[in-house]
Structures are given as C-alpha cells and as structure tokens.
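Here the structure is laid out as structure tokens; the discussion comes afterwards.
Where a number appears in this text, it was derived from the coordinates with a stated rule and is not lab data. What you see is a predicted model; the values in this text were computed from it and never measured. Cβ placement follows ideal geometry from the backbone for every residue including glycine, while neighbour counts extend to all protein chains displayed.
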Amino acid sequence: MKKLDILSAPYVEEMIEVTSNLYRLGWDERNGGNVSYLLDEKEVEPFLDLNDVQRKIPMIFDASGLKGRYFIVTGSGKYFKNVQKAPSENMGIIRIAEDGKTLDLLWGLENDAVPTSELPSHFMSHLSRLSVNPKNRIIMHNHASHLLAMTFTHELDERAFTRTLWQMCTECLVVFPEGISIIPWLVPGTNEIGIATAEKMKETRLVLWPQHGVYGAGETMDEAFGLIETAEKAAQVFTYVKAQGPILQTLTDENLWKLAHAFGITPHPGYLEDEK
Ligand code: 13P
Ligand code: ZN
C-alpha cells in the first residue's frame, strides 16, 4: 500500500506548531528545549514502512521498559526556530529496539543527527507518567524564562514554590493541583538527572530544574504545553509583583480551598493550611 506523506501526519504538524510557539515565546533559545511524543504503531504505519530502518542509534541507558514503542522526538543541538522549515532535519521518528539500548530510526534526523541529549530524562519520565496514567503521551522540556529566573530568587522548597505559584493566578491550583516538584541542580543529559526527574514525575507533571528550566507532561500536546504555560505565567506575575513592591493582598488558603471545592480537585496534601 502506498504510504501517505509523513509531513501531513497530525503529530508531525503538532510538533512543528509547538516548537514554533515555544521558540516565539523565547523559552527555547538556540537549541534549548526538547519534546518527545509517544505514538501508537497504528498512527505511524499509514505513513512509514515499519521495516525500513534508516539507521540504528545506540543509547547510553536501558529503555527496555519502552521496547517496541514509537516516539517522535526533537533532535539534539537542533534549533526550534528551524523545525518548521526543515522538519526532517530537526526531528525524527524512532522505535526502541528489542535490546532496549538501541533506537531504530524510521524517519527524519537527516545528516546523521541524533535525538535530544535529554532522552534519558524523557524516556524515564514517560515510564513514570505511564505508570500513573497510561494515557500520558508527551514529555516537554524548555527554558521558560520566568520560572528559570525564580529558581534564583525563590527558596527551592516544593511546598513553598508551589504555594507561590498557586497564589499568583486563580487558575493555577486548578491546572496543577498536585503542585510542582524540584530536583537539585544536576548535569543535563545524564542518567542521573533522568532518574531524579522521573522519580518526581510519579507525583507531579511539572518538574523544575534549578538554573536550567522546566519539564512538563501530558496526555496531549495542549495539556503539556498549557501546564508549563500556566506555571510560567504565574512566575511572570510573581516577577511583576516583586518589581512593583510589597504585596498588599494575595489568594488566601481559604480562597484556594473554595476553588478546590468548586472545581472538584484535590490540592497536594499538606500544601494548604487545614480548612477551618
Ligand atoms: P538538546 O539540543 O540535546 O535537545 O538539548 C537542549 C537542552 O535544552 C538541554 O537541556
Ligand atoms: Zn535544557
């Protein structure tokens, strides 16, 4: 059967759209940021010959838990601003091979490009999220400017950081009731940072990397993007609020409890003072 044009695949279009938006928001300077999107074989099959492996790519860690799974991922060292004009050079579709340590490249990553250097964090985070939500498909990393700045000025305590974000916009508690996790500063691209991120991903879909950026997860591109966008907006408001002067009023825990009841969500236990 004749294959359809891969550039018309909905997930390729979504990747182009999101990387372009992330670039325009200024969160992905140069090659900053990476996105991975779990695909079903049925979504890939109409577009690509699944037996036509372009190249075998070795990995620095064992991803046996994902063997046989398909992903579209951004390339390492690739600029998000260029994805739209050259999708096949800046992204690729890969399958985790039987040995768990090799990737079968099925499309893209032209000119010997390789998947993002953050693949350990992505794959380990996918495994964590899938263990708590089998519908999770997206892991997204970027250098969201105000969140990044806040890791210099705000204490890096998960409860305190989460509470500050919740207080900055009424929607925050509703969008990420589980809060935001924070790992220690670690060298990017390593298994160590992957393990630390993935551990946090079992509890929260947002994980902050101090002096670096943020990770977000979601069932859809919109969910992962919207999650980071909402936390980043809160961080932006925090930046303005700090610049404007002393805070005269804020969202109280009583307000936040009312919100939680109105929207039927459960805030991270212990992050709000007990209800009166
Ligand atoms: P890659 O270009 O390898 O995806 O790395 C970008 C980045 O943000 C590293 O943390
Ligand atoms: Zn980064």
| note | The computed P(r) of segment 38-113 puts the percent of Cα pairs beyond 14 Å at 59
| 20 Å tail of the calculated P(r), segment 111-204, as % of Cα pairs | 44
| message | Give me the dipole magnitude in Debye, nearest 20, for the chain about the Cα centre, with unit charges on the beta carbon: positive for Lys and Arg, negative for Asp and Glu. | response | 260
| At most 14 other Cβ within 10 Å, DSSP loop - trypsin sites (Lys or Arg not before Pro), segment 188-256 | 202
| message | To make sure I understand the rule: partners must be aspartates and glutamates, Cα under 15 Å from the Cα of residue 202, and not fewer than 8 residues away in the same chain. Which ones qualify? | response | 158, 178, 219
| task | Counting residues in the chain as N, plug N into 2.2 N^0.38 Å and put the Cα Rg over that result. | result | 1.04
| request: Post the alpha-carbon centroid distance, segment 210-276 to segment 101-152, in whole angstrom. | output: 23
| Do you know the relative contact order of segment 167-253, to the nearest whole percent, from alpha carbon pairs under 8 angstrom that are 6+ apart? | 33
| task | Based on a Kirkwood Rh over C-alpha pairs, give the Stokes-Einstein translational diffusion coefficient of segment 204-260 at 37 °C and viscosity 0.692 mPa s in µm²/s. | result | 245
| All other residues with a Cβ under 15 Å from the Cβ of residue 133 taken together, and with Lys, Arg as +1 and Asp, Glu as -1, what is their net charge? | +2
| query | Fewest to most neighbouring Cβ within 10 Å: what's the order for 163, 55? | reply | 55, 163
